[in-house]
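Please treat every number below as a calculation from the coordinates, not as lab data. All figures in this text were calculated on a predicted structure; none of them were measured in a lab. Cβ atoms come from the backbone with ideal geometry, glycine included; neighbour counts cover every protein chain shown.
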Amino acid sequence: MDSNLEKVRQNVIECTKCDLCKTRTNSVPGKGNFNSDVIFVGEAPGKNEDLYGEPFIGIAGKKLSEALEKTGITRDEVYITNTVKCRPPNNRVPTKLEKDACQEYIQKEIEIIKPKIICVLGNTAFGSVLGGTEITKFRGKIGKKNNQLYFITIHPAATIYNQKLVEVLKQDIKKLFDLIRELKSGKEITIDIEFSS
Ligand code: URA
Ligand code: SF4
């Protein structure tokens with residue numbers, strides 16, 4: 001692993017910057033390929049992630065893995081993380097205070113990995129990362145903020161009891177990797193939305 005990323009990982013493991021440290025079992029640093037073209041960003045760890053200290057290993061994670069596999073991508077090829085690294089009690093939405101306290105870690109992950117694009121998973125991450133709301137209007141779209149490209153899609157947990165959304169996630173992930181291929185070949189990409197910083 002990249003040594004700077006290893007440092008971030010250690011800092012997250014030991015972090016006590018917000019009250020979520022009091023209720024967590026384990027903090028959940030990002031995980032995956034530090035040379036990845038894309039970082040997937042979820043909201044916050046759930047029960048399984050808290051127990052094992054790894055992002056997206058529960059049922060939502062399985063849905064994400066399945067959508068990736070259908071595009072011929074394995075989880076090891078990408079980097080997966082969350083806006084907030086410790087589980088909020090009963091999976092409540094993280095507070096602004098918690099999000100602000102945890103921000104520096106995701107910023108460092110992005111600085112170190114320098115992904116071509118960041119894939120925002122679901123409405124909470126969409127709000128935290130891009131200040132957006134109403135993900136249903138924006139999913140499948142390409143955004144830009146501070147010269148960084150973003151791709152917006154639904155949270156994998158939304159697909160658990162909804163076969164239609166399984167297809168939506170699968171199609172979005174396919175679009176994302178088609179886009180990455182185009183970016184790598186130097187093709188001009190059309191931006192759907194510019195987000196203000
Ligand atoms: N949901 C998330 O947003 N992140 C995880 O790590 C697991 C479930
Ligand atoms: Fe630290 Fe983030 Fe965990 Fe809060 S949520 S204790 S800021 S790692």
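Starting from segment 62-82, take each residue that is without any contact (Cβ under 8 Å) to a residue 12 or more places away in the chain and list its partners that are of a type in the set (D, E, K, R), counting only C-beta distances under 6 angstrom and pairs at least six apart or across chains.
Ser65/Arg75
Which number in (1) more than 16 Å from ligand 2 (Cβ to nearest atom); (2) in contact (Cβ under 8 Å) with a residue 24 or more places away in the chain; (3) among the polar types (S, T, N, Q) marks the one condition that Ser128 misses?
Just one mismatch for Ser128, condition (1).
Pick out the one residue from Lys85, Lys63 that is farther than 15 Å from Phe177 by Cα and either outside any loop (DSSP other than H, G, I, E, B) or in contact with a Lys or Arg (Cβ under 6 Å, 6 or more places away or on another chain) (or both).
After applying the criteria, what remains is Lys63.
Looking only at residues that are within 11 Å of ligand 1 (Cβ to nearest atom) and closer than 12 Å to Arg24 by Cα in segment 87-100, which one is surrounded by the fewest Cβ atoms within 10 Å (Cβ to Cβ)?
Among residues in segment 87-100 that are within 11 Å of ligand 1 (Cβ to nearest atom) and closer than 12 Å to Arg24 by Cα, the one surrounded by the fewest Cβ atoms within 10 Å (Cβ to Cβ) is Asn91.
What are the residues in segment 36-53 that are of a type outside the set (Phe, Trp, Tyr) and under 8 Å from the mean Cα position of the chain (by Cα), if any?
Ile39, Val41, Gly42, Glu43
Could you say whether any residue in segment 140-157 is under 20 Å from Phe56 (Cα atoms) and in a helix (DSSP H, G or I)?
For segment 140-157, residues under 20 Å from Phe56 (Cα atoms) and in a helix (DSSP H, G or I): present.
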